[in-house]
Amino acid sequence: MKTRWDMLREARGLTAQAYAEDVAPSPESAGQAHGEADLVASVVPPGARVLDAGCGTGRVAVRLAELGYRVVGVDSDAEMLDVARAASEHVTWVHQDLAALDLGPGGAVEEGPFEVVLLAGNVVPLVAEGTLGDVAAHCATQLARSGVVVAGFGLDEEHLPGDVPVTSFEAWDAACTDAGLELSRRYATWDGDAWDDGASGYVVAVHARPGQDPS
């Protein structure tokens with residue numbers, strides 16, 4: 001089944017290398033371009049296990065590895081992963097669809113379970129139609145007991161690429177609830193700005209097992 005990302009990339013004729021160059025921090029912005037990694041660092045210390053779910057060409061995963069985290073990057077796009085592998089040997093890269101994620105035990109890697117499962121870069125609205133519940137459920141199974149799922153995504157057309165349909169926060173929250181997780185906190189940006197009821201057009205949501213959020 002094609003993800004919405006697959007369809008978007010095909011429609012635009014976008015190569016993985018071109019995408020990587022487009023999202024790479026400029027020299028001027030490099031110090032402010034790692035909000036996702038900074039938020040992870042506010043939740044768990046270096047050395048923790050992080051699953052970058054929907055890692056793309058590896059921008060966030062590579063940064064987390066540089067900060068000392070044990071990182072696994074998963075993506076369904078093989079070409080994107082080829083670019084990611086070339087970017088770092090310090091991340092374990094896995095080619096899998098998040099809707100059928102199977103990492104361990106007995107799966108593709110032995111690094112898990114994970115203190116953080118991270119879905120950055122509009123991963124949530126870019127999964128295949130009808131698979132949101134499966135994605136949330138499989139992410140939840142990868143969590144350590146006190147682990148968290150952190151997802152950031154756009155809530156309106158301005159914050160989504162192309163013609164990708166909006167996935168509401170409520171839909172993601174319901175999928176996480178069905179997966180046995182509860183909302184711990186949410187922000188309007190990766191910088192931790194206070195939640196504004198969606199006025200900013202973006203949400204960063206943290207879900208954990210009931211009573212297990214490490215914060």
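General remarks:
- Packing, as the average of other Cβ atoms within 10 Å across residues, places the peptides 34-43, 67-76 in the order 67-76, 34-43, highest first.
- Karplus-derived 3J(HN,Hα), 6.51/-1.76/1.60, for each residue of the range 98-103, Hz, glycine and proline x: 4, 6, 9, 5, 8, 9
- Between Ala194 and Met7, full extension at 0.36 nm per residue minus the direct alpha carbon distance yields a gain of 64.0 nm.
- Approximating the spin labels as points 7 Å out from Cα along Cα→Cβ, the His95-to-Glu157 distance works out to 3.6 nm.
- When the convex hull of its Cα atoms is viewed from all sides, the range 77-215 shows a mean projected area of 9.0 nm².
Taken together, the values in this text are just the output of simple stated rules run on the coordinates, not laboratory data. Because the structure is a prediction, the values reported are computed rather than measured. Here Cβ is always computed from backbone atoms with ideal geometry, including for glycine, and neighbour counts include all displayed protein chains.
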